[in-house]
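Everything below concerns the one structure shown next.
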Amino acid sequence: MGETVLTPASGKHLGWMDTLRGLAVFLVIFEHAILLTPVPLPEWLVHASNVFAPFRIPALMFLSGMLLPKSLEKPGGVYLRGKCSRIVWPYLIWSVMIWGLANWGDDRPNLFGELFVNPTTTPMWFLAYLAVYYAVGLFLNGWRGLAAIVPSMLASAVIGDNNGGRFFYLLAFFLLGDCISRNADKVFPLILRREVRILAAMVAVGLATASAFGVHVKYIPLYSIPVFVSIAAIIPLVERLSRSKVGKAIGGYGQHTIIFYVLHWPVMVYAWNLLAKLGVSNGLVLAAGNLAAGLAAGYIALALVRRYPRLAILFRFDLQLRQVAAGKVRAHGESTSN
């Protein structure tokens, strides 16, 4: 296993990263399926979602940061075009769509404010943050990024439990991913030591249990170290899973999480509205319908993009667009962390 846990700097494709990304995005969709259920839900279901609350988004930002060193090997212009193509473009396209649906009939909508001043008013905030982090990553990387981690967490603590605090909290995990990727030869052997894995697993279980029963640990700097330790604890397990048929299936859509991420929210909004109009009032059924609709939309969209490459423009825009539209280049849905 010590030879199979690699980082993007190795130049090899990392199945465990795809699998972990796929799991994390599934848990985000699961959380939103619950949030978008407008009737009371069984407590056990809410507790089950809260178990993963401290880890979902930090894990995604950590994985994104791990890709930074490899991305920075590209010329600056290529780097920026790639991030605009795979992050900024789908953020703008799908933010406008979701904003339009949410504000239909509003006489005074504020599109500029929704997209650029306060992007956290739409579920696309993750992509907005990620775009900024990759821009910051041009300057804060390596030792400079390492030096910025503690100040970022301190800024989060000072600002408090709000959108600004969350921004700096997650920035620290992004920068931490960059640092871990650059020092994998030292960090991964430590993570793989048996005593470290046992201790990390104990921390993860304790944090997840506290979150499940109502302790507010999500995006709280005080718990940032246990959150990172918990993410480290799951890496060996995910690496082993990624080599199984189930893990490869999860990793398969983990390579295309941008499609699942941008589609699931608007589709689930319509799903529960449709179910409610059909007379469905059971919370568990509504939540299950939301989850099924969100996941199905992603798989269907991915299949359509593969069948009709012109549709790739909904998820990516770059200099190969004409070739993609003409079917000369195979269209791929890109991960949110590319």
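Numerical summary
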read-out: Integer Hz, Karplus 6.51/-1.76/1.60 couplings in order for the range 69-76, x for Gly and Pro; value: x, 5, 5, 6, 6, 7, x, x
read-out: Accessible area of the range 153-290 divided out per residue, in Å², using a probe of 1.4 angstrom; value: 48 Å²
read-out: Gained length - Val246 relative to Glu73, 0.36 nm times residue gap less alpha-carbon distance; value: 59.0 nm
read-out: Subset of Lys70/Lys186; Lys186/Lys248; Lys218/Lys245; Lys74/Lys186 violating a 29 Å alpha-carbon distance limit; value: Lys218/Lys245
read-out: Relative packing of peptides 182-189, 81-88, 256-263 - highest average C-beta neighbours within 10 Å first; value: 256-263, 81-88, 182-189
read-out: Among 305-311, 47-53, the order from most to least packed when residues are scored by Cβ within 10 Å on average; value: 47-53, 305-311
read-out: FRET efficiency, 1/(1 + (r/R0)^6) with R0 22 Å, evaluated for His47 and Ser281 via beta carbons; value: 0.50
read-out: Glu43 - accessible surface, heavy atoms, 1.4 Å probe, Å² rounded to 10; value: 140 Å²
read-out: From phi via Karplus (6.51, -1.76, 1.60), per-residue ³J(HN,Hα) for the range 144-150 in Hz, x at Gly/Pro; value: 5, x, 4, 5, 8, 5, 5
read-out: Rounded accessible area per residue of the range 42-87, 1.4 Å, Å²; value: 39 Å²
read-out: Cα convex hull of the range 183-314, projected area averaged across orientations, nm²; value: 12.1 nm²
read-out: Net length gained if the chain between Leu222 and Ala157 were fully extended (0.36 nm per residue, minus Cα distance); value: 22.6 nm
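The values are calculated or read from the model by the stated rules, or taken from the named source; none is laboratory data. Because the structure is a prediction, the values reported are computed rather than measured. With ideal geometry, Cβ positions are generated from the backbone for all residues, glycine too; neighbour counts draw on all protein chains shown. With ligands, DNA and RNA removed, areas are computed over all heavy atoms of the protein, side chains included. Shrake-Rupley method; radii C 1.70, N 1.55, O 1.52, S 1.80 Å.
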